[in-house]
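What follows is calculated from the coordinates using simple rules that are stated; it is not laboratory data. Because the structure is predicted, anything quoted here is derived from the model rather than measured. Quick reminder, even Gly has a Cβ in these numbers, built from the backbone with ideal geometry, and neighbours come from all protein chains shown.
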Amino acid sequence: MSAGFKYNIEPEPSIEERYDVSTGVRRRGPYKLETTNLVAGSFLPSFTPIAADLVKKTAQVAIRVEVYEKFTTGSNTTLKIKKNSLAYVGMHLGNGSHGATINSIDKSNKVFDKLTLAADFGETLEAGTVLYEATAVSGTTPKVVANSALYGRVQVEEGIVLVALLMRAFEIEPTKLAMPFSDIDKANMPHFQFNATGVQSPAGVSYELPEASDSVMGGIQLGFSQSGKKYPVALEGGKAYVEVPWTDNNTTYQAANSSSLGLVKQGAKVDDAAGGDEKDKINALLASLRAAGIIASK
């Protein structure tokens, strides 16, 4: 490097793959990014939710915040959210039924940002809830709804900023996204497949899934059920095998005939022939075979 030159380029943080990149499909052409309320010099991480105008070729960030700690309504104006959001003073937050306006943002804490709201949100919010930027304090209508995701990390600059967008992606890991998507975004993105963040019963009871093993695939226990009895399934060479103990419940089987195979019973014993009684032994053998259903009767 030549003397007198100093490069201070901030590298993108190293993170795990946010989605299956082999499934990602980019939208055609660059899009002009709307930078209002975005801080010049800051960076938008890859897979930021974007509302794209496919005709005008413009892109607007769908600003979302994720609740860090349970918010209990009742004259409460302090809301803790996860860090690195794009929330700004004067922005309206909403969830479709309630809303509030941000009066100030305290970023001094290392693990969360603290919003001071102009008034109580009006509804208890669980940790992990995603709120959207709303058009008004009522919070009933989102300002924009995402239909795309930012393809790569982009720095916000003064003037024109062009960005590339994703129109499809599968196996998206919500816990690895720097910017959350709201439920209304996901419903508007049929070509994006978000992985579930957990498994719960209809009653809300959580289950801890076992780790993968010879009898477990992807955290799900494999099994086979027959007549009320359950049997494990073994995995071998990428194939599943079930071993069911054999029990004879007096099943009636089809008899053999000249055109169909069938099951037969053991025939009666016929002693070995001795000199002079071959005819009698042969007749006895034939009779035993007929009685067992092995050969046809006369």
Checklist outcome for this item: Of the listed links Lys83/Lys176; Lys80/Lys143; Lys70/Lys114; Lys80/Lys176; Lys56/Lys83, those spanning more than 24 angstrom between alpha carbons are Lys56/Lys83
Checklist outcome for this item: Given unit charges at Cβ for Lys, Arg (+) and Asp, Glu (-), the dipole magnitude of region 111-175 about its Cα centre in debye, nearest 20, is 200 debye
Checklist outcome for this item: If R0 = 30 Å, then Glu34 and Ser108, at their Cβ-Cβ distance, give a FRET efficiency to the nearest 0.05 of 0.55
Item to check | Three-way shape label, region 112-191, alpha-carbon gyration tensor, a/c 1.5 | outcome: prolate
Item to check | Estimated dipole of region 95-137 in Debye, rounded to 20 [Cβ of Lys and Arg +1, of Asp and Glu -1, Cα centre] | outcome: 200 debye
Checklist entry - Between Thr116 and Ile160, what length comes free when the chain is fully extended (0.36 nm per residue of separation minus the Cα-Cα distance, one decimal in nm)? => result 12.6 nm
